[in-house]
Amino acid sequence: MFARRQGRMLTAIAFLLFAAATLKAVGGNADPVQRIGIFSLQSAQLAVVGLEFALAIWLWSGLLKSLAWVGTVFVFSCFAIVSATQALSGQASCGCFGNLTVHPWIAFSVDLGVLAALGIANPGWAMFDRDVTSLRVGASRDKLLSASAMVFCAAVLIGLMCYNFGSLDAAWAELKKEPAGVEPFLSDVGDCRNGQKKAFKIRVVNYRNHVIRVVGQPGACGCAIETDLPIEIPANGSVELDISFATIGRDGRFTRDNDFFLDIGHLTKLRFRVTGRLVSRPAS
């Protein structure tokens with residue numbers, strides 16, 4: 001009875017992962033995770049989606065169930081940390097389900113619920129020891145061959161994406177219908193006072209095989225592009241923009257979305273994000 005209930009829980013978690021990965025993949029401008037550090041890269045965003053698909057398939061396959069359980073606990077623990085970080089930094093949506101707006105605290109609660117379910121579905125030390133032993137003696141050889149075949153197919157798919165689009169970043173941008181990307185997507189301006197200007201740089205990467213141009217920005221944008229516009233970005237190339245930022249508000253952590261216009265044959269917006277902390281004392 002417990003084994004059946006355990007199997008249902010793992011299957012439900014696999015379905016949640018598959019649904020979340022699918023919604024991310026078709027989520028347009030939504031981001032799978034907050035674009036901080038390495039997650040500013042398109043390839044890192046793609047890796048998150050791939051990880052969810054792979055973990056869902058592993059859970060559904062029943063292969064080395066106890067090791068899949070360990071991997072799932074690790075992944076959802078990371079998800080919980082990311083969701084809490086997003087909530088504390090003031091994000092309105094976690095991006096966990098693509099374009100569906102889900103507040104990070106709700107996502108955090110879901111992550112904790114999944115971890116609780118995984119605790120109930122704990123396969124126990126005996127199964128873990130048996131799975132590790134089966135790996136050593138080759139008892140799971142057929143299943144491992146099947147897993148190896150899936151890994152090979154994934155590698156071929158990644159190779160084809162790189163061949164067709166030039167890179168994983170470009171492939172992910174094409175999937176999301178993004179003509180260009182911003183690196184870093186999230187810029188931290190540190191401590192600042194109301195109205196104080198902060199200067200930083202961003203790099204705009206052109207994923208198209210033709211020239212596009214940065215032509216301007218909305219009038220109400222909190223950031224000002226100091227680089228002379230319009231500026232051309234060569235095909236599959238990049239340019240660096242000087243940005244100045246000033247904000248007014250209450251003391252505390254803030255995160256602001258900002259846009260500028262690209263000319264790709266028609267005008268389209270490209271977004272980047274600024275974070276920092278407003279303080280009353282002199283900025284450090």
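For the condition free of Cβ contacts under 8 Å to residues at least 40 places away in the same chain, surrounded by 14 or more Cβ atoms within 10 Å (Cβ to Cβ) and under 26 Å from the mean Cα position of the chain (by Cα), Val205 qualifies.
Every residue, every condition in (1) under 20 Å from Phe185 (Cβ atoms); (2) touching a Lys or Arg at 6+ places or on another chain (Cβ under 8 Å); (3) among the aromatic types (Phe, Trp, Tyr), yes or no:
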site: Ile202; (1), (2), (3): yes, no, no
site: Ile212; (1), (2), (3): yes, no, no
site: Gln217; (1), (2), (3): yes, no, no
site: Ala224; (1), (2), (3): yes, no, no
site: Thr227; (1), (2), (3): yes, no, no
site: Ile248; (1), (2), (3): no, no, no
site: Phe254; (1), (2), (3): yes, yes, yes
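Somewhere in the stretch 100-115, is a residue at negative phi and modelled with pLDDT under 75?
yes
Return yes or no: is Thr247 assigned to a loop (DSSP other than H, G, I, E, B), among the polar types (S, T, N, Q), in contact with a Phe, Trp or Tyr (Cβ under 8 Å, 6 or more places away or on another chain) and not assigned by TED's automatic domain parsing to the domain that holds Gln91? It is true that Thr247 is assigned to a loop (DSSP other than H, G, I, E, B), among the polar types (S, T, N, Q), in contact with a Phe, Trp or Tyr (Cβ under 8 Å, 6 or more places away or on another chain) and not assigned by TED's automatic domain parsing to the domain that holds Gln91.
The values are calculated or read from the model by the stated rules, or taken from the named source; none is laboratory data. In this text, all values refer to a predicted model and were calculated from it rather than measured experimentally. Counting neighbours? That spans all protein chains shown, and the Cβs are built from the backbone with ideal geometry, glycine included.
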